[in-house]
Amino acid sequence: MSVETQETEVKERGRRKRRRSPNRPTPSIAVAFLRMDFIEEFSYPMSLVLSELGTVLPVLVSYFIGDLVGESAAVGGDYFTFAVLGLAVSAVLQGALSGFGGNLQRALNRGSLETLLVEPVPWTFLPFAMNLWHTMMGAFEGVIILGMGLLLGAEYLASGWWRFIVLLLLGILACTALGIVSAAILIISKRSKPFLTLYGMAASLLAGAVFSVDQLPSWLQTLSWAIPHTYVINASRAVLMEDPGTFIVPFNLAVIALLVFNVVVLTGGLWLFSRSLEYGRKMGMLSGY
Amino acid sequence: MSNRTPSISVKDLTKVYEPSPTWMKLLVKSNIKSSVVALDGITFEVGPGEICAVVGPNGAGKTTTFRILLGLTTPSGGTATVGGYDAQHESVAVRRMVGWMPGQDVSLLMRLTCIENLRFHGRLQGLKGDDLTSRIHDALAKVDLSHAAEHSVFALSSGMRARLQLARALLHSPSVLILDEPTGAIDPVAAHELLGLIISIVEEERLACMISSHRLEEIEALHSHVVLLDKGRIRYDGDLDELRDLVDREQLEIEFKTDESAQQARKLIDAAGLGESFAVEGTQLTTVLSSAETTTGDVLAALEAVIPDVVHLQEVQRPLRDILADMYRESETE
C-alpha cells in the first residue's frame, strides 16, 4: 500500500470517527457565540458606551421624580428604590427578550443565516447560544442600574438577594422563551421587531416598572398577570424592599407562575421555532428577505 | 464518472416551489403566484476525488440542488444522500460531512480576524483545543493565508476572502465540498489561482466536490465531470471532453489573398452543405462545420477553385459557452 493511500485512509478514519460522535450542544459552542458577539460589540466602542449610558439615564430621571412624588404609599414610601428595581429588572429581561431575535435578524439581513444553519449544531440550541451575549449585557446593565441606585440612596434588603437572583433567572428564561417565539415569527415573516416592540410596550405599561400596577384600571391589571415581567418586577420588590407598596406579588406565587410560564412557552416556543424552520426549508425561504 | 461508491447521490430529485398559502401573505409578500418546478427528476452521482461542475443558466436549478444537499431546502420528491446520509432526514450528519463555500463573502464575520472566523466555525463543528488551533493554521497555510491570519476580514481583498471561505470549508476535514460560484466575486487571476488550489486539494484529500460557476472557461479548465442543468432537468451528465466530441463541430478560419476569393469560398462551402454560421470579414472567412463527421479535408476539396488563394487555414475549438448556448437554444425550440 502506498504512503499516499495510507494517508488517505487515516484521514477517512478520522472523519468517520468524528461523524459517529454525538452532536451535542457544548459549552464550547456557547463560548463561540459569546466570543463572536463580544468582538463585534467591542468593535464599535463609542456605540457601546453611548448605549450603556442610555440605560442609566432613567435612574437619574427616577431620582428626581422620587423627589417630586414624595412618600407615596402605593410605592412603599420610597419611589426611587421602587423605580430603580423596576428599571434594573426591565433591563435584564430586555436583554434576554431581544437578543436572539436581534441576532437572527442581523444574520438574515447580512446573508449569513444560511452559513449558520449549515453548521452541525442542533437548530433548537441556537436560540440559547445566540442569546447569551445580550442576556449578559442586560444583566450587566441591571447591575449598573442597581449600583447607581445604591449610590444615589436606594435601599435594598440584604436578605432578599438570593431570591432576587432566582426570580431573575426564571425571568430570563421566560423572556428567552418569548424571544424564541419572536424568532419563529421572524423565520416566516422576515421581521420580528413588531412582535418584540409590541410586547416591550405592553410590558412597560402592564408590569409597572416605574409605577404601581394598582394605578392601572382593573381590566388592564388582569392583563398584567399574563406577562412574566409583572411577576419578576413586583416579586423582586417584595424581596428587596422593606415596604414594596400596595401591589405585592409574593415570591412563591411568582416562582410557580414563572415555572408554569416557562414550561409552556419554552416548550411551545421551541416547537414553533422548529416548525417554522421546517416550513422555511419546505418553502425554500430560509434565506429570503 | 467514478465507479467507486458515490459520496453524493441524487436520484429522481424533484423540487416544486409552491405559492405561499393565503395566511402567510399576511406576514410576508411572495412573488410566486403559481407552482414553480425548480428540479424535475434529476439523477447523478459524484465519487470521492471527483469534481462535478454544475452548469446552467439562471433558474436552471443549480442552487436548489446545492441547498437540498445542504439540508437548507427539502425535496418534493426523490432522494439526495451525502456519504450515505439522507440530506432531508439526517441533515445534521450531512452538515458535518460537507464543507460549504457560498458565493458571497458576506457569510464571513467581517469584524473578526481570519483566525477568529475559523475558530468560530471550528467550535460549531465540535472541534476544540490544540486540535482546533493546529487545524486553523493548517487550513490557512493550505490556502496561503498564514500571513494574514490576524487580519480582520473587512481588510482583506475579495480573492483573500474567497480563500478564507475555502479554508473554512476545509477546516473540519469534510469528505464533500460544495462550492457555489466560488469565483463569482474575484478577478480572473485570483479565480485561476483559487481553482488550481481547489483541484489540488480535491485530489490530495480525495474529496467529492460539486462546483457551480457562470464562468464557463473556468469549468472548462477543471476538465471535470459536468452536469448541465436546464429548467430543472439534466441536459447532459458526463465528461466535458465527451460532450465536445458529442456535440461540438470544428470551426474553420480561412484567410484568402483577396476579398473576392473569401466570398467565393463561402458560396462553395455553402453549396456543398459543409458549413454554416458564415462570417466574412475582408479576406477572412469563418464557418462552423455542418456536422461532427465533416472534416477540414472535405472543405478543402470543395474549395478546389480557390485553393491557390488560401493564405492561412486554422481549426479552432469552439468556446464552451457557444456549445452550451446551442444546446440551450435547441432545448428552447423543443
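Coordinate-derived values only; no laboratory data. Remember, predicted model here, so these are calculated numbers, not experimental data. Cβ placement follows ideal geometry from the backbone for every residue including glycine, while neighbour counts extend to all protein chains displayed.
Relative to the longest principal axis of the Cα atoms of chain B, helix B:259-271 runs at roughly 80 degrees. In sequence order, the stretch A:33-46 has phi-based couplings of 5, 4, 5, 4, 5, 4, 5, 4, 5, 7, 6, 10, x, 5 Hz under the Karplus curve 6.51 cos²θ - 1.76 cosθ + 1.60, θ = phi - 60°, and Gly or Pro positions carry x. Cross-link partners for B:K257 among the aspartates and glutamates, with Cα-Cα distance under 19 Å and sequence neighbours closer than 8 places in the same chain left out: B:E281, B:E304, B:D309, B:E315.
Taking the average, over residues, of other Cβ atoms within 10 Å as the packing measure, peptides B:233-244, B:44-55, B:214-225 rank B:44-55, B:214-225, B:233-244 from highest down. Here's the picture: charge each Lys and Arg Cβ at +1 and each Asp and Glu Cβ at -1 in the protein assembly as shown, and of A:T135, A:V84, B:A185 the one pushed furthest to the positive end of that dipole is A:V84. Could you calculate the FRET efficiency of A:R110 with B:T79 from 1/(1 + (r/R0)^6), where r is the beta carbon distance between them and R0 is 45 Å, rounded to 0.05? So, using R0 = 45 Å, E works out to roughly 0.90.
Each Cα pair under 8 Å and six or more residues apart adds its separation to the average, and for chain B the resulting relative contact order is 18 percent.
Let me spell out the model: positive unit charges on the Cβ of Lys and Arg, negative unit charges on the Cβ of Asp and Glu, origin at the Cα centre of the protein assembly as shown. What dipole size does that give, in debye rounded to 20?
Charge dipole, the protein assembly as shown, about its Cα centre: 2900 debye, nearest 20.
Remark: A:W271, A:W133 ranked as A:W271, A:W133, counting other beta-carbon atoms within 10 Å and listing the fewest first. If the reach is capped at under 14 angstrom between alpha carbons, list the aspartates and glutamates near B:K142, excluding any in the same chain fewer than eight residues apart. Candidates past the 8-residue exclusion: B:E193, B:E203, B:E204, B:E205. Using Cβ point charges alone (K and R +1, D and E -1), the dipole size of the stretch B:230-292 about the Cα centre works out to roughly 280 debye. If you take the Cα centroid of the stretch A:183-254 and the Cα centroid of the stretch B:109-145, the two points sit 43 Å apart. Counting Cβ atoms of other protein chains within 10 Å of each residue's Cβ and taking the mean over peptide B:115-127 gives 5. Rounded to the nearest 10 degrees, the inclination of helix A:228-240 to the longest alpha-carbon principal axis of chain A is 60 degrees.
Residues B:I323, A:I248, ranked from the fewest to the most other C-beta atoms within 10 Å, line up as A:I248, B:I323. Normalised by the number of residues in the stretch B:143-301, the mean separation of alpha-carbon contacts (under 8 Å, six or more apart) gives a relative contact order of 14 percent. From most to least packed by mean Cβ count within 10 Å, the peptides B:303-314, A:113-124 give A:113-124, B:303-314.
3J(HN,Hα) along the stretch B:95-106: 5, 6, 8, 9, x, 10, 10, x, x, 9, 6, 5 Hz, from the Karplus curve 6.51 cos²θ - 1.76 cosθ + 1.60 with θ = phi - 60°, whole Hz, x for Gly and Pro. Counting neighbouring Cβ atoms within 10 Å and putting the fewest first, the residues A:I185, B:I178, A:I144 line up as A:I144, A:I185, B:I178.
Ranking B:A292, B:A305, B:V316 by how far each Cα lies toward the positive end of the dipole of the stretch B:283-334 (charges on Cβ) leaves B:V316 at the top.
Across the stretch B:237-243, rounded Karplus estimates of 3J(HN,Hα) from the backbone phi angles (6.51 cos²θ - 1.76 cosθ + 1.60, θ = phi - 60°) give 9, x, 7, 5, 5, 5, 4 Hz, Gly and Pro being marked x. In degrees from 0 to 90, rounded to the nearest 10, what is the angle of the helix A:251-283 Cα long axis to the longest principal axis of chain A? On a 0 to 90 degree scale, this one is about 40.
In terms of packing, defined here as the mean over residues of other Cβ atoms within 10 angstrom, the peptides A:72-82, B:192-202 line up highest first as A:72-82, B:192-202. Look at the stretch A:108-119: the mean tally of other chain Cβ atoms within 10 Å of its residues' Cβ atoms is 6.
Holding the Cα-Cα limit at 27 Å, pick out from A:K193/B:K29; A:K282/B:K25; B:K11/B:K128; A:K190/B:K128 the pairs that are longer than that. Beyond 27 Å between Cα atoms: B:K11/B:K128; A:K190/B:K128. Distances between placed amide hydrogens fall under 5 Å for B:H225 paired with B:I51, B:A53, all partners being 5 or more residues away or on another chain.
Going toward the positive end of the dipole of chain A, with +1 on Lys and Arg Cβ and -1 on Asp and Glu Cβ, which of A:I145, A:L68, A:L186 do you reach last? My answer, from the dipole projection, is A:L186.
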